[in-house]
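Have a look at the structure below, then the notes.
The values are calculated or read from the model by the stated rules, or taken from the named source; none is laboratory data. What you are looking at is a predicted structure, and each value in this text was computed from that prediction instead of being measured. Ideal geometry is used to build each Cβ from the backbone, glycine not excepted, and the neighbour counts take in all protein chains shown. Calculation scope for accessible area: heavy atoms of the full protein, side chains included, ligands and nucleic acids excluded. Shrake-Rupley method; radii C 1.70, N 1.55, O 1.52, S 1.80 Å.
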Amino acid sequence: AVRRGLPTEAVAALAPPLLLASVALPLAAARWTAGPRPLSSAFLWGFRLRLALNPLTYVVLRCVEAAPASRRAYRAYAALALLREAGSTLMFTSMMAFFARVADPGLGGTYMTLLNTLANVGAKWPPSLALWGLGALAGASGDPLRVELLACTAAGGLWVVGFPAFLRRLEAVPRERWRPGARKAS
């Protein structure tokens, strides 16, 4: 948004409200993630929300470009940031709830740490790939952001179609099978 004209001070002013939201949103999400299926419910809702924000991101950034100092552009960007935070919180909280459900209590926090580390590794490469993609598209004619948003939205749409069944299968695995050393039933 800053590169599109929104004042740096305006973006920085969002940090305190977003910090409060990042503290309050997990409390609100707890009721959705406390059940037996946190991935196929709350995680998918968060993912779908973030996916739906892709086209809105493009529209908001165009609004910011057209009138960077306007309150309308700032409010649109603030709403987008808050909705993105809500989606991210739903996804993160549901993963932690799932990890807490399947982790072996005999290992303490070690198993949770391992699962969280694997989730973090899986969550860190897509933004790096997206930034690389923007750089690679920068030399092409047209709008690289629009091309990347369309490609990522299409990929996310395919994920929403194919991945929920996998999440449901993960949640259906008996807790005992998640324990280290557990053998597959013959």
Of all the residues that make up the stretch 41-86, how many are over 30 Å from Phe166 (Cα atoms) and not charged (D, E, K, R)? 17
Report every pair of residues separated by at least 6 positions or lying on different chains whose Cβ atoms are under 7 Å apart, first residue within the stretch 166-184 and open to solvent by 80 Å² or more (accessible area, probe 1.4 Å), second modelled with pLDDT under 80 and not aromatic (Phe, Trp, Tyr). Glu176/Ala182
Consider the stretch 114-152. How many of its residues are exposed (fewer than 14 other Cβ atoms within 10 Å of the Cβ), within 17 Å of the chain's Cα centre (by Cα) and farther than 23 Å from Leu53 by Cα? 3
Selection over the stretch 63-89 where residues are over 15 Å from Ala13 (Cα atoms), open to solvent by less than 70 Å² (accessible area, probe 1.4 Å), of a type outside the set (Asp, Glu) and assigned to a helix (DSSP H, G or I) yields a count of 6
Looking at the stretch 94-103, can you tell me whether even one residue there is among the small types (Gly, Ala, Ser), modelled with pLDDT of 90 or more and either more than 21 Å from Trp159 (Cα to Cα) or part of a helix (DSSP H, G or I) (or both)? yes
Out of contact with any Phe, Trp or Tyr (no Cβ under 8 Å at 6 or more places or on another chain), assigned to a loop (DSSP other than H, G, I, E, B) and either at pLDDT 85 or above or basic (Lys, Arg) (or both): which single residue out of Arg169, Arg177, Arg183 fits that description? Arg183
Would you confirm whether or not the stretch 22-39 contains a residue that is exposed (fewer than 12 other Cβ atoms within 10 Å of the Cβ) and within 28 Å of Val173 (Cβ to Cβ)? yes
Scan the stretch 156-165 and give yes if some residue there is open to solvent by 70 Å² or more (accessible area, probe 1.4 Å), without any contact (Cβ under 8 Å) to a residue 40 or more places away in the chain, out of contact with any strand residue (DSSP E or B) (no Cβ under 8 Å at 6 or more places or on another chain) and more than 23 Å from Phe43 (Cα to Cα), otherwise no. no
Output the residues belonging to the stretch 17-54 that are part of a helix (DSSP H, G or I), more than 15 Å from the chain's Cα centre (by Cα) and free of Cβ contacts under 8 Å to residues at least 60 places away in the same chain. Leu19, Leu20, Val23, Ala24, Leu27, Ala28, Arg31
Tell me, please, whether a residue that is within 15 Å of the chain's Cα centre (by Cα), free of Cβ contacts under 8 Å to residues at least 60 places away in the same chain and closer than 20 Å to Ala29 by Cβ can be found in the stretch 99-113. no
Gly109 meets each of (1) more than 20 Å from Leu170 (Cα to Cα); (2) among the small types (Gly, Ala, Ser); (3) open to solvent by 60 Å² or more (accessible area, probe 1.4 Å) with one exception, condition (3)
Can you go through Thr8, Thr57 and tell me which one is more than 12 Å from the chain's Cα centre (by Cα), farther than 30 Å from Pro180 by Cα and open to solvent by 60 Å² or more (accessible area, probe 1.4 Å)? Thr8
Restricting to the stretch 68-90, name every residue that is over 24 Å from Val147 (Cβ atoms) and free of Cβ contacts under 8 Å to residues at least 60 places away in the same chain. Ser70, Arg71, Arg72, Arg75, Ala79
